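Okay, so here's the structure we're looking at.
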Amino acid sequence: MTPTKPDTSTHAQKPLAVWRKAFLAVLADCANVSKAARAAEVNRQYCYECRANDPSFAEEWDSALEEAADKLEERAWARANFEGIQYKFDKAGNPILHPITGEPYYEHVGSDSVLLALLKAHRPEKYKDRSEVTGKDGAPLVPPADTSKLSREDLQALLAIRRKMKPEEGGGS
């Protein structure tokens, strides 16, 4: 006899009180709604329906996601600070041991890309990606207007519009 899969269709769902704790625990661990719903044995869409209809559950959901993000950030800090250990192996896959102590050789490993991502997040004024499109010496990129084909009346109208658009100097009337 094959094990039966729990019925997770939207018409036969368990009450929120039954699965809330399990769902939120997994969500706080991995920030993945589908995985949390499977762990709680409920339909993913039903989870979203409960979130929409229960403000306190929505708050707990958001809190669980924040907790998961904090865990990710903690792991990222560890990677960026070279807290990981990578053991050394020979070509045959055997650990390389120190000839005197017999301890395996290892090196601390980190991630420059994770380090840069953290710097961008926490010091954006210094490390964010910048792109600026300007003309020579920072001038705006506006192609020069060819006014040679305009009539005298058109030129006067254009100048009048330009005067209206120009900010007032002196700050008063």
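Let's see how each residue does on (1) acidic (Asp, Glu); (2) closer than 15 Å to residue 19 by Cα; (3) surrounded by 10 or more Cβ atoms within 10 Å (Cβ to Cβ):
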position: 56; (1), (2), (3): no, yes, no
position: 61; (1), (2), (3): no, yes, yes
position: 66; (1), (2), (3): yes, no, yes
position: 76; (1), (2), (3): no, no, yes
position: 79; (1), (2), (3): no, no, yes
position: 85; (1), (2), (3): no, no, yes
position: 93; (1), (2), (3): no, no, no
position: 106; (1), (2), (3): no, no, yes
Can you name the condition, by its number, that residue 71 falls short on among (1) in contact (Cβ under 8 Å) with a residue 24 or more places away in the chain; (2) touching a helix residue (DSSP H, G or I) at 6+ places or on another chain (Cβ under 7 Å)? (2)
State all residues of the stretch 105-137 that are in a loop (DSSP other than H, G, I, E, B) and of a type in the set (Val, Ile, Thr); if no residue qualifies, say none. 133, 134
Restricting attention to the stretch 103-110, does a residue exist that is out of contact with any Phe, Trp or Tyr (no Cβ under 7 Å at 6 or more places or on another chain) and among the aliphatic types (A, V, I, L, M)? no
Whether any residue in the stretch 118-125 is of a type in the set (Lys, Arg), touching a Lys or Arg at 6+ places or on another chain (Cβ under 7 Å) and at pLDDT 85 or above is what I want to check. yes
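The values are calculated or read from the model by the stated rules, or taken from the named source; none is laboratory data. Because the structure is predicted, anything quoted here is derived from the model rather than measured. Glycine gets a Cβ as well: all are built from the backbone with ideal geometry, and neighbour counts include every protein chain shown.
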